[in-house]
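Novice: Below is a structure I'd like to ask you about.
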Amino acid sequence: MRSFDSATGRLTVEAGVTVADILATFAPRGFFLKAVPGTKFVTVGGAIAADVHGKNHHRDGGFGNVLESFRLALPGGEIVTCSRLENPGLFSSTLGGMGLTGVILEATIELFPIETAWLRQETHTAPNLEAAIDQLEESAFATYSVAWIDCLARGASLGRSVIYLAEHATRHDKDILGADLETFRTVRYSQVSIPDLVPARLLNRNSVRLFNELYFRRGAAREGKPRLVHWDPYFFPLDTISNWNRIYGRRGFVQHQCVIPLHRARSVLAEILDRVSRRGDASFLAVLKKLGEGSGLISFPIRGYTLAMDFPVTSSLFAFLDELDELVVGAGGRLYLAKDARQSRTTFESGYPGLGSFKDMRQQTGANKCFASRLSARLGI
């Protein structure tokens with residue numbers, strides 16, 4: 001960490017500093033990062049490269065919206081500063097550009113003040129997808145909003161959800177809801193580790209259905225009751241579980257995350273969820289969020305709804321995901337490059353209209369001859 005100005009919240013860090021480093025250092029001092037992804041074990045360079053988004057993207061945008069500038073090492077060794085005013089083409093190409101424009105060396109980002117380490121959370125339930133989207137639309141005023149989706153529910157309950165709305169708690173909130181809680185308490189968890197040998201059959205339709213039922217009932221029991229939740233488990237619930245991916249067995253899992261434009265979201269997401277529920281092997285980790293516009297040429301967000309689902313790898317999975325991709329493409333949506341392991345070049349090219357300008361920038365700087373990845377080779381970037 002190179003410098004911090006408490007008057008403006010401006011922080012300059014090397015690209016390898018993580019979100020965890022920043023929050024551990026500054027949250028106890030009353031400052032927070034406005035755009036945080038679902039895990040804190042992400043570097044600032046990686047957050048820029050993926051233009052990560054959080055539960056407040058519908059209001060505050062993604063990482064690009066807290067990013068003031070960064071220094072980038074180009075293929076020829078030249079180091080340039082990029083911002084919206086200085087080298088703006090490189091700025092918009094690198095933001096969300098998956099590391100394919102150069103090496104990010106350091107960045108200046110903006111933190112904002114908080115009064116406590118807690119969030120004032122309200123829990124609501126929705127009996128189906130239609131009601132869940134209605135509630136998220138009606139709750140657009142909330143700083144943070146996210147819905148857990150039951151991917152196995154069918155019929156009238158298709159897409160039933162538990163919705164979490166939250167605001168950074170003020171000292172007044174803390175005095176009312178948790179007067180005995182330390183204002184800037186640091187939560188330390190004992191790390192839970194998933195053992196190496198987890199039988200894949202433990203994660204099946206019946207076990208997931210049982211979990212989903214219990215989770216939905218717990219949400220219903222907390223309906224409309226405000227409570228204080230520390231920022232760490234609210235934003236990063238899986239970070240306390242080491243090797244959580246092992247629950248999917250030795251063959252692993254694939255996460256499918258798409259975003260569907262607002263005007264098609266209800267019908268297309270309903271069709272996706274119907275196919276997923278009939279297939280029956282989606283996990284309990286399914287999340288629905290509303291997004292605003294992205295900042296980079298190939299940033300993931302567009303104004304619409306994003307659905308992220310985990311699937312254990314099976315012999316028939318990839319053909320099934322290709323079917324979901326057809327629905328996404330037909331609706332004018334796209335898949336998240338940071339989560340992608342298998343989408344086709346056709347799917348990718350149809351979803352990112354800024355791709356041509358991005359390729360041009362890579363050619364102008366020579367990055368196309370110097371920086372590559374399995375992703376770029378597969379998708380022809």
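Novice: Go ahead and run the numbers for FRET between A220 and R29, Cβ-Cβ distance against an R0 of 45 Å, rounding to 0.05.
Specialist: On the way: r = 38 Å, r/R0 = 0.84.
Calculated value: 0.75.
Novice: How much length is gained on full extension from R2 to A319, taking 0.36 nm per residue of separation minus their Cα-Cα distance?
Specialist: Numbers: separation 317, 0.36 × 317 = 114.12 nm, distance 4.79 nm.
Computed gain between R2 and A319 is 109.3 nm.
Novice: Separate question: Mind checking which of A338, L85, F235 is farthest towards the positive end of the chain's charge dipole, using Cβ charges of +1 (Lys, Arg) and -1 (Asp, Glu) about the Cα centre?
Specialist: So the residue we want is A338.
Novice: How long are the semi-axes of the equivalent ellipsoid of the range 87-170, taking √(5λ) for every eigenvalue λ of the Cα gyration tensor, in whole Å from largest down? Mind dumping the intermediate values first?
Specialist: On the way: eigenvalues 245, 93, 23 Å².
Taking √(5λ) for each Cα gyration eigenvalue gives 35, 22, 11 Å.
Novice: Considering only F184, F31, F63, give the residue with the highest GNM mean-square fluctuation for the chain, with springs between Cα atoms whenever their separation is below 10 Å.
Specialist: F184
Novice: Read phi for every residue in the range 287-296 and hand back ³J(HN,Hα) as whole Hz from Karplus 6.51 cos²θ - 1.76 cosθ + 1.60, θ = phi - 60°, with x for Gly and Pro.
Specialist: In residue order, the calculated couplings are 10, 10, 9, 8, 10, x, 7, x, 9, x Hz.
Novice: Grab the beta carbon distance between H172 and F141, set R0 = 22 Å, and tell me the FRET efficiency rounded to 0.05.
Specialist: On the way: r = 19 Å, r/R0 = 0.85.
Result of the calculation: an efficiency of 0.70.
Novice: Here's another thing I want to ask about it. Could you give the size of the charge dipole of the chain about its Cα centre, using +1 on the Cβ of each K and R and -1 on the Cβ of each D and E, expressed in debye and rounded to the nearest 20? Could you put the intermediate results ahead of the total?
Specialist: Working: 44 positive and 39 negative charges, 183 e Å.
Here the size comes out at about 880 debye.
Novice: Given the Cα atoms of the chain, and with Rh set as the inverse mean 1/r over their pairs in the Kirkwood sense, what is Rg to Rh to two decimals? Spell out each step's value before the answer.
Specialist: Numbers: Rg = 20.9 Å, Rh = 21.8 Å.
Here the Rg-to-Rh quotient is 0.96.
Novice: HN-Hα J couplings of the range 150-162 from phi, Karplus 6.51/-1.76/1.60, θ = phi - 60°, integer Hz, Gly and Pro as x?
Specialist: 7, 6, 9, 5, 9, x, 5, 9, 4, x, 4, 9, 10
Novice: What ³J(HN,Hα) values, in whole Hz, does the Karplus curve 6.51 cos²θ - 1.76 cosθ + 1.60 give for the range 117-130 when θ = phi - 60°, with x put for Gly and Pro?
Specialist: 8, 10, 10, 8, 10, 10, 10, 9, 10, 10, x, 7, 4, 4
Novice: In percent, what relative contact order does the chain have, based on Cα pairs under 8 Å that are 6 or more apart in sequence?
Specialist: Computed value for the chain: 19 percent relative contact order.
Novice: Here is a follow-up. What residues from the range 86-116 fall in the zone where the backbone N is under 12 Å from a label point 7 Å along the Cα-to-C-beta line of D21?
Specialist: Only 105-107 pass the distance filter.
Novice: Roughly to the nearest percent, how much of the accessible area of the range 227-367 is carbon and sulfur, given a 1.4 Å probe?
Specialist: On the way: 2620 of 5380 Å².
Within the range 227-367, the accessible surface is 49 percent carbon and sulfur.
Novice: Based on Cα positions only, what radius of gyration and what Dmax would you give for the range 1-120, in angstroms?
Specialist: Rg then Dmax for the range 1-120, in Å: 13.9, 49.
Novice: Could you give the length gained on full extension between Q363 and R227, defined as 0.36 nm per residue of separation minus the Cα-Cα distance, in nm? If you can, show how the numbers build up before the last one.
Specialist: Details: separation 136, 0.36 × 136 = 48.96 nm, distance 5.22 nm.
Taking Q363 through R227 to full extension adds about 43.7 nm, to one decimal.
Novice: Holding the Cα-Cα limit at 26 Å, pick out from K55/K339; K40/K289; K40/K290; K290/K369; K34/K359 the pairs that are longer than that.
Specialist: From the list (K55/K339; K40/K289; K40/K290; K290/K369; K34/K359), the Cα-Cα distance tops 26 Å for K290/K369; K34/K359.
Novice: What is the set of long-range amide H partners of E106 at a cut-off below 5 Å, with H atoms built 1.01 Å from backbone N?
Specialist: Amide H neighbours of E106, under 5 Å, 5+ apart: A15, R71.
Novice: May I pose another question? In Å, what Rg and Dmax follow from the Cα atoms of the range 307-381?
Specialist: So, for the range 307-381, Rg and Dmax equal 14.0, 42 Å respectively.
Novice: Which loop-located GluC sites (Glu not before Pro) does the range 214-307 contain, where loop means any DSSP state but H, G, I, E or B and the Cβ has at most 16 other Cβ atoms within 10 Å?
Specialist: On the way: sites: E223, E271, E293; in loops: E293.
Sparse-neighbourhood loop GluC sites (Glu not before Pro): E293.
Novice: When the chain is fully extended, how far beyond the present Cα-Cα distance does L105 get from R10, taking 0.36 nm per residue of separation? Present the calculation step by step, with values, prior to reporting the outcome.
Specialist: Details: separation 95, 0.36 × 95 = 34.20 nm, distance 1.70 nm.
Going from the current span to full extension adds 32.5 nm.
Novice: Here is a follow-up. Summing Lys, Arg as +1 and Asp, Glu as -1, what charge do residues with Cβ under 15 Å from the Cβ of D175 carry, D175 excluded? Present the calculation step by step, with values, prior to reporting the outcome.
Specialist: Working: positive: R120, R171, K174, R185, R227; negative: E115, D173, D180, E182.
Its environment carries a net charge of +1.
Novice: Additional query: Considering amide H positions built from the backbone, and no H for Pro or chain starts, which residues 5 or more places from F31, or on another chain, come under 5 Å of its amide H?
Specialist: Those lying under 5 Å, H to H, from F31 are I114.
Novice: Farthest toward the dipole's positive end in the chain, which of L165, T306, L321, given Cβ charges of +1 (Lys, Arg) and -1 (Asp, Glu) about the Cα centre?
Specialist: L321
Novice: Next question. Can you check what the net charge comes to around D196, using other residues whose Cβ is under 11 Å from the Cβ of D196 (Lys, Arg +1; Asp, Glu -1)? Before the final figure, lay out each step's value.
Specialist: Numbers: positive: R246, R250; negative: none.
Spelling it out: positives minus negatives among the neighbours equals +2.
Novice: Nearest-5 percent of antiparallel DSSP beta bridges in the chain?
Specialist: Working: 59 of 62 bridges.
Rounded to the nearest five, the antiparallel share is 95 percent.
Novice: Ranking request for peptides 204-214, 93-103: highest mean number of other beta-carbon atoms within 10 Å first, then the rest in descending order.
Specialist: On the way: 204-214: 14.2, 93-103: 24.7.
Top to bottom by mean Cβ count within 10 Å: 93-103, 204-214.
Novice: Skipping prolines and chain starts, which residues have an amide H placed within reach, meaning under 5 Å, of the one on V146, given they are 5 or more residues away or on another chain?
Specialist: Close amide H contacts, sequence-distant or interchain: Y164.
Novice: Okay, next question. Report the label-to-label distance for T81 and I194 in nanometres (one decimal), using points 7 Å from each Cα along the Cα→Cβ vector.
Specialist: Output for this residue pair reads 4.5 nm.
Novice: For the range 221-324, what relative contact order do you get, as a whole percent, if you take Cα pairs closer than 8 Å and at least 6 residues apart? Write out the running numbers ahead of the final one.
Specialist: Working: 110 pairs, mean separation 33.2, N = 104.
Worked out over the range 221-324, it gives 32 percent.
Novice: More than 13 Å apart: what percent of Cα pairs in the range 1-62 qualify? Intermediate results must be reported in sequence, preceding the final value.
Specialist: Numbers: 1190 of 1891 pairs.
Here the long-distance tail beyond 13 Å is 63 percent of all Cα pairs in the range 1-62.
Novice: Still on this structure, please answer the following. Per residue, what accessible area does the chain have, given a 1.4 Å probe and all protein chains present, in Å²? Show your work: numbers first, answer last.
Specialist: Values: 16590 Å² over 381 residues.
For the chain, the solvent-accessible area averages 44 Å² per residue.
Novice: Compute from the Cα atoms of the range 130-180 the Rg and the Dmax, the latter being the longest Cα-Cα distance, and quote both in angstrom.
Specialist: 14.8, 45
Novice: Next up: Return the carbon/sulfur percentage of the accessible area of the range 1-153, one whole number, probe 1.4 Å, all protein chains in place.
Specialist: Numbers: 2690 of 5400 Å².
It is 50 percent, rounded to a whole number.
The values are calculated or read from the model by the stated rules, or taken from the named source; none is laboratory data. Since the structure is predicted, the reported quantities are computational estimates derived from the model, not experimental observations. Reconstructed Cβ throughout: ideal geometry from the backbone, glycine too, with neighbour counts over all protein chains shown. Surface areas here come from the heavy atoms of the whole protein model, side chains and all, with no ligands, DNA or RNA. Shrake-Rupley method; radii C 1.70, N 1.55, O 1.52, S 1.80 Å.
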